[in-house]
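A quick write-up on the structure given underneath.
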Amino acid sequence: MAQLKSVAFKEGEVPQAREPLAAQEPLPEGSGRSFPPVSVPACQTLIDVRDGEASFAHVFQHFNWKENIMGGGSTLASYEDGQAEQRFAELKRALDTCRRYEGEGYAGPFEATVTTQASPEYGEEAVTFREIVPMGPEYGGDRNEQFVVVRTGNTIATFSELSIGKDLFFPPEVITRQVERLRNAQRP
């Protein structure tokens with residue numbers, strides 16, 4: 001955890017984000033609210049990998065953007081040798097079949113549609129997809145969350161950007177800087 005926190009962004013390093021900016025460790029097992037698995041097993045795999053489940057260690061960062069009150073986030077997950085490649089392969093297989101699922105979240109039951117997008121060129125391998133949850137006109141549009149998931153060595157970093165009624169993107173320059181830090185931290 002300490003090594004992942006050391007490569008996460010610090011105060012003042014992301015000018016388009018509001019402070020405070022701190023890496024957070026996950027809550028201890030069993031202390032947070034849990035939800036049942038989603039309706040499609042492949043989609044649950046997608047969620048688990050993007051959230052850093054089954055990693056050796058992971059940390060989260062929340063970004064409250066000056067231009068988007070919905071914000072974004074990142075998860076930096078570290079794996080034992082070879083496991084990051086295996087988990088990333090599972091993610092890619094899940095993206096081949098996961099198109100729609102039902103689940104339960106903090107606001108209650110929901111239905112999500114998953115759409116893949118052109119793969120960015122970050123790290124050793126990367127994928128981009130969106131999860132869209134219909135919200136109705138009273139909420140200003142659909143919940144639209146972009147995910148960019150990048151494997152670099154034994155780490156998987158997930159970047160998410162949440163918006164309502166728009167297609168917003170996590171800032172590519174922030175992804176590039178974070179992936180470079182992960183790469184440099186793994187060099188002998």
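The values are calculated or read from the model by the stated rules, or taken from the named source; none is laboratory data. As the structure is a computational prediction, the values presented were derived from the model and not from experiment. Here Cβ is always computed from backbone atoms with ideal geometry, including for glycine, and neighbour counts include all displayed protein chains. SASA here: full protein model, heavy atoms, side chains in, ligands and nucleic acids out. Shrake-Rupley method; radii C 1.70, N 1.55, O 1.52, S 1.80 Å.
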From the coordinates shown, Cα extents along the principal axes in Å corresponds to which of [x] 93, 41, 25; [y] 51, 37, 35; [z] 67, 49, 26: [y]
Per-pair calculated FRET efficiency, R0 = 41 Å: T116 and S34 via Cβ, rounded to 0.05: 0.90
For the stretch 1-159, accessible area per residue (1.4 Å probe, heavy atoms of protein chains only), Å²: 53
Carbon and sulfur %, accessible surface of the stretch 1-102 computed with the full protein complex present, 1.4 Å: 51
Pairs of lysine residues in the chain - Cα separation under 27 Å, sequence separation of 8 or more or cross-chain: 5
Ordering of 21-27, 132-138 by burial proxy (mean other Cβ atoms within 10 Å per residue, highest first): 21-27, 132-138
Relative contact order %, the chain, counting alpha carbon pairs below 8 Å whose residues are six or more apart: 19
